[in-house]
Amino acid sequence: MGANGPSLPDRARNGRLAVYAIAAAIGLILAFAPFLFGDVRSQQVAARICVFIVLVASYDLLIGYTGIVSFAHTMFFGLGAYGAAIALKQWGPGWSAVLVGGGAGIVAAAALAALIGVLSLRVKAIFFAMVTLAAASVMLVLASQLSAITNGEDGLVYVAPKLLTPATILFTGADGKAAKWFGVRMDGKIAAYYFVFLTCLVLFAALYRIIRSPLGAVLEAVRENEIRAEAIGYRVVAYRTAVFVIAAVIAACAGVVWAVWLRYTGPETTLSFAIMIDILLMVVIGGMGTMTGAVIGVTVMSLAQFYLKDLMGAAAEATAAIPVLPQLLNPDRWLFWLGILFILLVYFFPAGVAGTLMKKGTH
Amino acid sequence: MSDFILRLDDVHTDIAQYRILHGVSLDVPRGGVHVLLGRNGAGKTTTLRTIMGLWRARSGAVVLGHRDISAMHTSEIARLGVAYVPENMGIFGGLTVEENLRLAAGPAGFDPGRLKRIFTLFPAMEKFRDKSAWALSGGQKQMLAISRAIIEPRQLILIDEPTKGLAPAIIRAMIDAFRDIARETTILLVEQNFLFASSLGETVAVIDDGRIVHRGVMAELAADRDLQTRLLGLSLDAHH
């Protein structure tokens, strides 16, 4: 350490440690969420964070690690979700429906991604982005119009596999009812949460493994300079298509998990452009090309979306005696404050929270 | 086996609406260092990029060994054993020195013998193995670019102005390294530093306005100051 404080490598190392510590803390909280937060809403938020971490991390593999701008990520998410949902609706609750329906959705996502990739990844980034936008729009319209299969705008309501329903008792207590561990009933509800948490953990670990593998280095090289990557022997279109398919498959897997957790699948919960914008904001807030940034970005954004209103309500009450402030803090204005929060985050963390702390992009 | 590793036969290359190469014909003998000289804008870099498939030849043939590579994709040409070290070095700043080398080594990974040789030629590469490439000095970046070119056995290495902006001590180290590398492969070197080029080159071709205007033995050009002045507008004395 010099007279002017830590050197750039030291700051980067400290920043990396801070980011890993924050991500690990979030991971621990998510791992014990049912025991830490008893209410249904908190568990719903925790499950959503788990699923969106996978969704955003898989999108970061595209935009952050490979430099591919796509607006079709919710389409792949929706294909997985609708695959599982349609099978559960048609065949009734059961793991075979999840596996076959979800599997079909994942295969469809992979095939569609390969087709879009092969046909469009040769063109300039902006045209590729437009192709994905068009494909996502078509899928949204199809989900709404094919009512006989998707139940249109109303979506599909179905029952999850028996193990994950609240009526299932995992461990029986002395009274013959579900046992309570640390005050939490060991029933299908907790099984459903851990189904979400563990599946998402495996998917996130798979993504992390990819970026740490030699393929990750090739992807970074492709993002940095396609021509240089070609000149050392890498067929950029093949790699870009492969990573587009991988990201689509992971997004579709997240969609299956989301469908099983929610027991409802509709255009608004899986295919809407509002979700695509959320994904983009989460990647930017977390930090593109950091992977752990997805954990931070999703958590910050989800907590703001779910709790900012409550926080503002409490703040408005606490400042009731002060002029103007209660009006400004009116919970109805939560989107305005979410926008302010986003601007502040971008201002103070221009490369995203993880990206700025890890000093990514200092070169 | 052909005596020439590379032949360019009447190659014309356009960039947008501009004709840059007007029928370049060039034979590069197998083994050793061969130099392509020329003034700024003469077409040296375009020639290398055309060989590498980064610019597509409008007409003519580029033959590597006995294989016409003029219609091949850049990555295929690279996989045939042609390495390209561009003027801007072409390293990946976001990756470490080792990751840059590993990328060029391909899925089989490092050959320990070749890695050891690189570390002997360029000790800085071993010292800064885990350092991000963007943080290296200009000379170290050039060393990394050349190390990447020789991490695998190559048929041909195309090097574009490697001495540009480098300190004399580093240029001397480059000369030693190129002599060593040329024992096992062929180097086609584009250079404006005549002293550097003449100390390494066996043959020389001079390009002007997209055409080869002179072909011969480097030692003869180095000895003929009138020819140097006529072809290149310089004399060796000016570089002493």
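Remarks
- Residue check for residue A:305: over 21 Å from the mean Cα position of the chain (by Cα), polar (S, T, N, Q) and either in the same structural domain as residue A:141 (by TED's automatic domain parsing) or assigned to a helix (DSSP H, G or I) (or both): no
- Any hit, region A:176-196, residues being aromatic (Phe, Trp, Tyr), over 26 Å from residue A:80 (Cα atoms) and modelled with pLDDT under 95: yes
- Answer residue from region A:216-228, given it is of a type outside the set (D, E, K, R) and more than 8 Å from every other protein chain (Cβ to nearest Cβ) and is surrounded by the most Cβ atoms within 10 Å (Cβ to Cβ) among those: A:219
- Scanning region B:79-110 for residues that are in contact (Cβ under 8 Å) with a residue 60 or more places away in the chain and more than 7 Å from chain A (Cβ to nearest Cβ) gives B:80, B:81, B:82, B:83, B:85, B:86, B:87.
- Matching entry among A:52, A:77, A:37 (being among the aromatic types (Phe, Trp, Tyr) and within 19 Å of residue A:296 (Cα to Cα)): A:52
- When residue B:120 is tested against the conditions (1) polar (S, T, N, Q); (2) within 14 Å of another protein chain (Cβ to nearest Cβ); (3) free of Cβ contacts under 8 Å to residues at least 12 places away in the same chain, the lone failure is (2).
- Hits in region B:73-128 - residues which are in contact with a Gly (Cβ under 7 Å, 6 or more places away or on another chain) and of a type in the set (Ser, Thr, Tyr): B:74, B:75
- The set of residues in region B:46-58 being at pLDDT 95 or above and not in a loop (DSSP other than H, G, I, E, B) consists of B:46, B:47, B:48, B:49, B:50, B:51.
The values are calculated or read from the model by the stated rules, or taken from the named source; none is laboratory data. The structure presented is a predicted model; accordingly, all values stated were derived computationally and were not measured. Quick reminder, even Gly has a Cβ in these numbers, built from the backbone with ideal geometry, and neighbours come from all protein chains shown.
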